[in-house]
Amino acid sequence: MAFDIDTIVELISAFCLLIGSFLCISGGVGILRFPDFYTRMHAVGVTDTLAAGMILVGLMLQNPEALVVIKLVMILLMTLFINPTASHALAKAAIHNGLLPILDDKEGNKTENNYQESGSSNC
Amino acid sequence: MLMGLYNYWVVVVLMMIGFYIVIAHGNLIKKIVGLTIFQTSVFIFYISMAKVKDGTAPILEQGTELYSNPLPHVLILTAIVVGIATTAVGLALTVRIKEAYGSIEESDIQSQDNLIQEAHTQDAQSQVTRSQVT
Amino acid sequence: MKDLFAVAMLVGIYGLLSASFFVAMDAVDVAFTEASVGAGISTLLMFVVITMTGRSEDPVRHKPLLALIVVVITGGLLIYGTLDMPYFGAADAPIHQHVAPRYINDSMQEVGVINLVTSVLASYRAFDTFGEVVVIFTAGIGVLALLSVVRRRDDDELIDSVNDSMHEQHLILRIVTKMLIPFILLFSLYVQFHGDFGPGGGFQAGVIFASAIFLYTLLFGLSTARRVINQSLIRLIAAIGVLLYGCVGVVSLLNGGNFLDYNVLSSDPIAGQHLGILLIEWGVGCTVASVMMIIFFNFAGRQEEQQQAKEKEKS
């Protein structure tokens with residue numbers, strides 16, 4: 001196999017796309033398997049942002065024309081801004097409505113009742 | 001032969017799901033959701049008819065000969081925006097119905113209308129008997 | 001499914017899935033519109049309405065067996081009707097025979113834009129698009145008639161004090177939004193003017209512009225948004241969009257051609273086509289953006305009015 005620059009670029013791009021897909025799937029598994037709203041959101045927020053980033057980098061390397069790369073870079077920047085902000089907004093809305101995370105008590109047991117009827121909590 | 005027609009069957013299934021939601025649920029919001037599903041299935045119908053095998057998107061490029069048919073795309077573009085406009089008006093009507101009747105369940109609205117209807121006919125009858133007495 | 005909140009979310013996801021389906025079917029313009037409209041605006045409107053009308057539905061009291069039978073019979077008849085249809089993707093289907101080859105082959109000479117969907121939408125079938133713009137405008141008037149609330153002028157000091165107290169709470173969201181909104185508006189202008197060369201055009205641009213304003217309204221409050229965007233100006237712009245479209249047609253009439261015939265708008269037919277398409281896409285974009293804003297502001301204003309009435313009842 002000739003190790004010229006084209007093959008290496010294609011290999012890196014394929015690697016990035018595969019990693020991105022794997023991260024997406026693992027984020028999906030996280031949504032289904034984690035016990036609590038906050039842990040689920042953490043799983044999705046982190047893995048989805050990184051997965052979108054890896055897929056976009058893979059796409060950039062697939063077709064390195066200037067205009068396409070610039071557009072993909074802008075999409076990547078927007079995703080990096082918007083995804084964590086969306087997770088933050090979801091968590092804020094959940095705290096405001098009174099959903100508390102499952103934490104450990106002093107003895108090490110998990111708290112049973114994690115819904116607190118609070119009117120206006122300080123967030 | 002059957003494998004060539006599966007896209008129409010998918011459309012028919014979606015259409016029937018939307019139809020069922022409209023006629024079987026009493027909640028007005030769910031009826032509007034059913035209409036949305038019905039609309040989208042019609043869009044899928046047109047767009048799947050427009051696709052030509054091995055064709056590309058209908059934007060002229062050097063070197064490609066076969067394009068998908070742009071005419072249904074135009075019709076569906078119009079239809080999508082008109083659909084959202086009518087959905088907005090439908091939702092506005094739902095808000096006003098909630099304010100006027102206090103509920104958006106079809107059975108509640110029907111029973112309130114029947115009560116008003118009975119009250120009107122009783123009023124009319126009592127007026128007729130009063131005019132007969134005097 | 002009793003929770004209408006979950007139903008609205010699922011409708012949004014369904015819209016996004018159908019948008020990706022449209023991309024797989026090579027319908028990029030349609031996918032763009034469906035993604036922005038179906039997955040964005042319609043979900044938002046449903047959420048606002050569910051806030052006002054209640055979150056769960058009553059349990060069904062009658063048995064839907066008759067509905068199921070009707071649906072199954074109709075579905076069976078429809079499937080029987082599709083047995084005669086042409087196969088999926090066949091290039092010799094009747095739909096591809098009559099008008100479409102003319103559009104595909106002659107559009108470059110007659111109209112001169114490379115996006116076939118824009119050329120058909122804005123030039124060959126401009127009259128249908130005119131009807132659509134009028135329908136959107138009528139829907140905006142309908143929502144105005146149903147939901148508009150006469151407000152008294154809000155106190156400016158009251159708004160500023162409320163704004164400052166909320167600023168602390170939503171700091172991150174506000175700052176990120178302030179950074180993002182100019183880019184969203186710029187993107188909508190890009191989509192508007194790039195409709196000739198790639199997917200885009202007036203509708204998508206109008207919806208994206210309106211969604212930037214929705215983002216601002218959601219985070220900064222309705223009163224602040226009303227001060228930024230004057231309501232009468234929005235209504236004026238909606239009317240001006242439709243008027244611009246009609247005027248282009250009338251100018252074509254006055255210049256000797258048919259209604260909405262762009263060839264007579266300028267000395268060179270191709271330049272006339274470009275000018276005509278630019279103007280009407282501009283009209284479409286204006287009307288769509290302002291009608292979406294009218295719809296959203298009226299829904300949100302009604303909801304605010306209901307909340308204020310409830311608070312007055314409690315006190």
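Readers should treat all values here as calculations from the given coordinates under stated rules, not as data from a laboratory. Predicted model only: the values in this text are computed from it and were never measured. Here Cβ is always computed from backbone atoms with ideal geometry, including for glycine, and neighbour counts include all displayed protein chains.
Order of B:68-80, C:207-219 by packing, highest average Cβ count within 10 Å first?
B:68-80, C:207-219
Angle between the Cα long axis of helix B:28-50 and the longest principal axis of chain B, 0 to 90 degrees, nearest 10?
20
What dipole magnitude, in Debye to the nearest 20, does the protein assembly as shown give about its Cα centre under +1 on Lys/Arg Cβ and -1 on Asp/Glu Cβ?
Charge dipole, the protein assembly as shown, about its Cα centre: 1080 debye, nearest 20.
Please label the shape of the protein assembly as shown as rounded, prolate or oblate, based on the square roots a ≥ b ≥ c of the eigenvalues of the alpha-carbon gyration tensor (a/c under 1.5 means rounded; beyond that, a/b larger than b/c means prolate, else oblate).
rounded
Hey, fewest Cβ within 10 Å first, where do A:Ser87, C:Ser123 land in order?
With the sparsest Cβ surroundings first, the list reads A:Ser87, C:Ser123.
Take the Cα atoms of region C:179-314, find their three principal axes, and give me the spread along each one in whole Å, biggest first.
68, 31, 20
Over every pair of different alpha-carbon atoms in region A:17-93, take the mean of 1/r and invert it; report that Kirkwood radius in Å.
With all distinct Cα pairs of region A:17-93 included, I get 13.2 Å.
Taking only Cα atoms, what is the 0 to 90° angle, nearest 10, from helix C:65-81's long axis to the longest principal axis of chain C?
Between the helix axis and the principal axis of chain C, the angle is about 20 degrees.
With a bin width of 10 angstrom, please list the P(r) values of region C:1-88 as percents of all Cα-Cα pairs, from the 0 bin to the one holding the largest distance.
15, 24, 33, 25, 4
If the cut-off is 28 Å between C-alpha atoms, which lysines fall inside it for C:Lys314, apart from same-chain ones fewer than 8 positions away?
Within the straight-line limit of under 28 Å, C:Lys314 reaches these lysines: A:Lys92, B:Lys98.
Given labels modelled 7 Å from the Cα in the Cβ direction, how far is it in nm from C:Glu304 to A:Arg40?
Output for this residue pair reads 3.3 nm.
Taking springs between alpha-carbon atoms closer than 10 angstrom, which of B:Gln39, B:Gln110, B:Gln62 fluctuates most in the Gaussian network model of chain B?
B:Gln62
Work out the length of the dipole vector of region C:115-315 about its Cα centre, built from +1 on the beta-carbon of each Lys and Arg and -1 on the beta-carbon of each Asp and Glu, and round it to the nearest 20 debye.
It comes to approximately 340 debye.
In debye to the nearest 20, how big a dipole does region B:55-118 give about its Cα centre with +1 on each Lys and Arg Cβ and -1 on each Asp and Glu Cβ?
240
At a 10 angstrom cut-off on C-beta neighbours, averaged per residue, how do the peptides C:94-105, C:136-147, C:259-270 rank from highest to lowest?
Highest mean packing first, the order is C:136-147, C:259-270, C:94-105.
If you count, for every residue in C:296-309, the Cβ atoms of partner chains within 10 Å of its Cβ, what is the mean?
Neighbouring Cβ atoms belonging to other protein chains average 1 per residue here.
Would you tell me the mean number of C-beta atoms belonging to other protein chains that fall within 10 Å of each C-beta in C:238-251, as a whole number?
Neighbouring Cβ atoms belonging to other protein chains average 0 per residue here.
With Kirkwood's inverse mean 1/r over C-alpha pairs for Rh, give me the Rg to Rh ratio of chain B, two decimals please.
Rg/Rh for chain B comes to 1.29.
Going by the alpha-carbon gyration tensor, a ≥ b ≥ c the square roots of its eigenvalues, is chain C rounded (a/c under 1.5) or, if a/c is not under 1.5, prolate (a/b greater than b/c) versus oblate?
Note, shape of chain C comes out oblate.
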